[in-house]
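Everything on this sheet refers to the single structure shown next.
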Amino acid sequence: MSLHQHEITESHPKPLQALLGGIGIALSVHSLLVLNGSVLGVSGFIHRSFRGDKAAMASVVGLILGGVTIGIASNVDTPEPQTTVSSHLRMVFSGLLVGIGTKLANGCTSGHMICGLSRLSLRYALNSSSQCVWIQHIQSSLVATATFFASAVATAHFVHGNGDLGTSGSLDWALDKQGRQFLGATLSLGILWFAYTCSALKNGTSNSSTLSIFRYMASFLTSLAFAFSIRLGNMVDPHRVLAFLVLPLSSAFDPTMVFIAGSALPLAALLYRYACVEQPRFGGKWNIPASTKIDWRLILGSVIFGIGWGIGGICPGPGLVNFGRSLYAGVGFTEYAAWLLSMGFGGLLVK
């Protein structure tokens with residue numbers, strides 16, 4: 001059954017699931033920061049994977065296997081996640097633009113919006129005595145987010161403003177069966193990972209080879225938890241994303257992403273501000289973008305990414321998760337494979 005054979009008439013936003021999904025996103029983002037000193041930027045994972053970065057590959061595998069697990073737990077007869085993209089050509093075009101845009105702008109919704117904005121225009125750094133300090137400066141992530149959001153909104157209205165998104169119904173505050181499954185999976189994964197790492201560190205397993213393995217595991221498991229979280233929040237559904245991008249100007253407007261951001265951003269900001277560490281727990285250097293440069297690459301890349309996002313309603317994280325789900329469910333495989341391949345190719349076009 002093709003994704004395009006499913007006609008969308010009315011959807012019901014799920015605020016509770018979105019809020020819980022946002023919490024999971026914030027915890028995943030902060031875990032990778034504290035353990036590996038890295039930003040959970042999915043577009044960066046994909047682009048670096050093409051260059052052979054093993055930690056990035058582990059993150060990509062975590063997102064894809066998260067999608068496979070979601071496929072196993074979901075009703076595979078239902079063409080979920082839904083999409084309104086009408087052709088493979090449009091999927092390829094969307095993926096190509098997202099690849100070019102995210103490479104130019106050095107980030108996407110996860111890297112710039114969640115990780116960047118949560119820093120509240122503050123950069124985490126280390127002074128000469130290795131103490132945590134906060135340096136106030138202008139965040140390029142704020143400019144990037146505003147730019148790609150405006151671009152995506154304009155594109156979504158132009159491409160999908162003819163009513164093909166259906167209508168949005170009343171809010172559904174229930175936590176359905178699948179929502180409980182993914183919430184439980186995320187919590188269980190977090191508890192097990194916390195217990196395992198604390199036990200290992202307490203026992204003094206701090207040699208370089210062991211820490212290297214831990215770093216790969218952290219990359220994999222934080223991405224796995226991130227995959228469950230964005231599914232819990234329904235962020236993997238392109239229809240809901242596009243219905244959000246058309247804003248309340250349309251009867252199709254779906255506020256799901258408002259609730260996701262409403263829990264993810266404040267929690268990530270609080271964790272970033274009050275739960276910092278002097279050094280990444282698993283060694284290595286801090287890998288947090290510190291550039292405040294706002295140039296043509298940032299602006300142009302954000303515009304291009306926004307256009308690609310507004311065409312398909314797909315950004316890198318959901319793209320990988322949906323691809324993983326399609327591997328198991330057999331629904332939408334060619335569409336998401338084409339999107340990911342074109343995104344990777346788009347990134348290779350940019351130096």
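Among the residues of segment 48-66, is any at pLDDT below 90 and touching a Lys or Arg at 6+ places or on another chain (Cβ under 9 Å)?
no
How many residues are part of a helix (DSSP H, G or I) and in contact with a strand residue (DSSP E or B) (Cβ under 8 Å, 6 or more places away or on another chain) if we restrict to segment 36-50?
Qualifying residue count, segment 36-50: 1.
Which one of the conditions (1) of a type in the set (A, V, I, L, M); (2) modelled with pLDDT under 90; (3) within 18 Å of the chain's Cα centre (by Cα); (4) surrounded by fewer than 24 Cβ atoms within 10 Å (Cβ to Cβ) does residue 3 fail to meet, given that it meets all the rest?
Against the list (1) of a type in the set (A, V, I, L, M); (2) modelled with pLDDT under 90; (3) within 18 Å of the chain's Cα centre (by Cα); (4) surrounded by fewer than 24 Cβ atoms within 10 Å (Cβ to Cβ), residue 3 comes up short only on (3).
Could you grab me the full set of residues in segment 204-251 that are closer than 20 Å to residue 70 by Cβ and of a type in the set (D, E, K, R)?
Listed by number, the residues that qualify are 231, 237, 240.
Test residue 221 against the criterion of being at pLDDT below 75, in a helix (DSSP H, G or I) and of a type in the set (A, V, I, L, M), and give yes or no. It would help to see each step written out before you state the result.
Numbers: at pLDDT below 75: no; in a helix (DSSP H, G or I): yes; of a type in the set (A, V, I, L, M): yes.
For residue 221, the condition - at pLDDT below 75, in a helix (DSSP H, G or I) and of a type in the set (A, V, I, L, M) - is not met.
Return the residues of segment 15-34 that are crowded, with 24+ Cβ neighbours inside 10 Å and in contact with a Ser or Thr (Cβ under 6 Å, 6 or more places away or on another chain); say none if nothing qualifies.
18, 21, 22, 24, 25, 28, 32
Can you tell me which residues in segment 51-60 are in a loop (DSSP other than H, G, I, E, B) and farther than 23 Å from residue 113 by Cβ?
Hits for segment 51-60 are 51, 52.
Within segment 234-255, which residues are touching a Phe, Trp or Tyr at 6+ places or on another chain (Cβ under 8 Å), surrounded by fewer than 24 Cβ atoms within 10 Å (Cβ to Cβ) and not hydrophobic (A, V, I, L, M, F, W, C)?
255
From the list 128, 141, exactly one residue is modelled with pLDDT of 80 or more, polar (S, T, N, Q) and either assigned to a loop (DSSP other than H, G, I, E, B) or in contact with a Gly (Cβ under 7 Å, 6 or more places away or on another chain) (or both). Which is it?
After applying the criteria, what remains is 141.
Got at least one residue in segment 290-297 being surrounded by fewer than 24 Cβ atoms within 10 Å (Cβ to Cβ), in contact (Cβ under 8 Å) with a residue 60 or more places away in the chain, touching a helix residue (DSSP H, G or I) at 6+ places or on another chain (Cβ under 8 Å) and part of a helix (DSSP H, G or I)?
For segment 290-297, residues surrounded by fewer than 24 Cβ atoms within 10 Å (Cβ to Cβ), in contact (Cβ under 8 Å) with a residue 60 or more places away in the chain, touching a helix residue (DSSP H, G or I) at 6+ places or on another chain (Cβ under 8 Å) and part of a helix (DSSP H, G or I): present.
In this structure, does residue 107 turn out to be at pLDDT 70 or above, in contact with a strand residue (DSSP E or B) (Cβ under 6 Å, 6 or more places away or on another chain) and either of a type outside the set (Ser, Thr, Tyr) or more than 23 Å from residue 27 (Cβ to Cβ) (or both)?
On the way: at pLDDT 70 or above: yes; in contact with a strand residue (DSSP E or B) (Cβ under 6 Å, 6 or more places away or on another chain): no; either of a type outside the set (Ser, Thr, Tyr) or more than 23 Å from residue 27 (Cβ to Cβ) (or both): yes.
So residue 107 fails the test.
Of the numbered conditions (1) touching a helix residue (DSSP H, G or I) at 6+ places or on another chain (Cβ under 7 Å); (2) assigned to a loop (DSSP other than H, G, I, E, B); (3) surrounded by fewer than 19 Cβ atoms within 10 Å (Cβ to Cβ); (4) not polar (S, T, N, Q), residue 278 satisfies every one except a single condition; which is it?
Tallying (1) touching a helix residue (DSSP H, G or I) at 6+ places or on another chain (Cβ under 7 Å); (2) assigned to a loop (DSSP other than H, G, I, E, B); (3) surrounded by fewer than 19 Cβ atoms within 10 Å (Cβ to Cβ); (4) not polar (S, T, N, Q), residue 278 fails exactly one: (1).
List pairs: first residue in segment 242-262 and touching a residue at least 40 places away in the same chain (Cβ under 8 Å), second residue of a type in the set (Phe, Trp, Tyr) and surrounded by fewer than 19 Cβ atoms within 10 Å (Cβ to Cβ) anywhere in the structure, Cβ distance under 8 angstrom, at least six positions apart or on different chains.
Once the first residue is touching a residue at least 40 places away in the same chain (Cβ under 8 Å) and sits in segment 242-262, its partners that are of a type in the set (Phe, Trp, Tyr) and surrounded by fewer than 19 Cβ atoms within 10 Å (Cβ to Cβ) give 243/253; 246/253; 247/253.
May I ask you to list pairs of residues, at least six apart or on different chains, whose Cβ atoms are under 7 Å apart, with the first in segment 21-35 being part of a helix (DSSP H, G or I) and the second being surrounded by fewer than 24 Cβ atoms within 10 Å (Cβ to Cβ) and of a type in the set (S, T, N, Q)?
Close Cβ pairs satisfying both conditions: 22/263; 23/263.
The values are calculated or read from the model by the stated rules, or taken from the named source; none is laboratory data. Note that the structure is a prediction, hence the values are computed from the model and not measured. No Cβ is skipped: glycine too gets one built from the backbone with ideal geometry, and neighbour counts run over all protein chains shown.
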